[in-house]
Every structure is written in structure tokens, then in C-alpha cells.
Amino acid sequence: MYVKLLFLAAILSSFCGAAFAQSVVSLVITPANSSVSVGGTEQMKVTITMSDNSTVDGTNMVMWSVTPDPVAIVFPTGLLTAHGVGTATIMAVYNNVVATTKVTVNPSP
């Protein structure tokens, strides 16, 4: 029984290692360089490209940040809310790979 369990563990380890061997190549934030009015929202999305050229929706997987933060905030779901007039840089980070874009926040109409 012990030998069978070791054999099964070796097979699972080999399989899981192959399944997770892909690495992150790039992140792309969309929409790029958007404009929003104060009080408005924009749904941001991140597409992660893996080393085998497959893509994954990474919107909820990345760490979001905004600089300067008084202009806008991005929630973990990718929802951007505009707070003040100006231009901000939106950054998404996943596995030490970074993507950036800009958002311009205009006065409310």
C-alpha cells in the first residue's frame, strides 16, 4: 500500500508540475488611456499572457494602484472610480510583471 501511495504521489507531482510550469510573459490593461468624468466609473480589465501564448483574465488577480491617488481609485475587481480632475497612472502587477496605462479625469458635465 505504501509503495502504491508513493507511486501515485510521484505521478501527481509530475502532472501538477507540468500544469504550472508556464510563466507570465506580459500584462495588458484595457481600456488604454481612457477618459472619465469626476464621479464616473470605468471597468478596467487585465489580460495575462503566459509563456505558452495562452491568455487568462487577470482582472481579479492583479494588485492595482493609482498615482496620484486623489484622481481615481481602482478596486480589486478592476472598477475605476474617478474622484478628482487630472491625469493618473494606473498600474497592475502580477508575479512581478507590471502593466501601466493612463486615465484622464475631466470635470463633470
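Remarks
- Note on Ser51 and His83: with the Förster distance fixed at 35 Å, the Cβ-Cβ geometry gives a FRET efficiency of about 0.40.
- Gain in span if fully extended, Thr41 to Asn60, counting 0.36 nm per residue against the direct Cα distance: 5.2 nm
- Packing order of peptides 50-60, 34-44, highest average first: 34-44, 50-60 (average count of other Cβ atoms within 10 Å over each peptide's residues).
The numbers here are math on the coordinates, done by the rules we state, and not lab data. Please read these numbers as outputs of a predicted model, since none were measured by experiment. Reconstructed Cβ throughout: ideal geometry from the backbone, glycine too, with neighbour counts over all protein chains shown.
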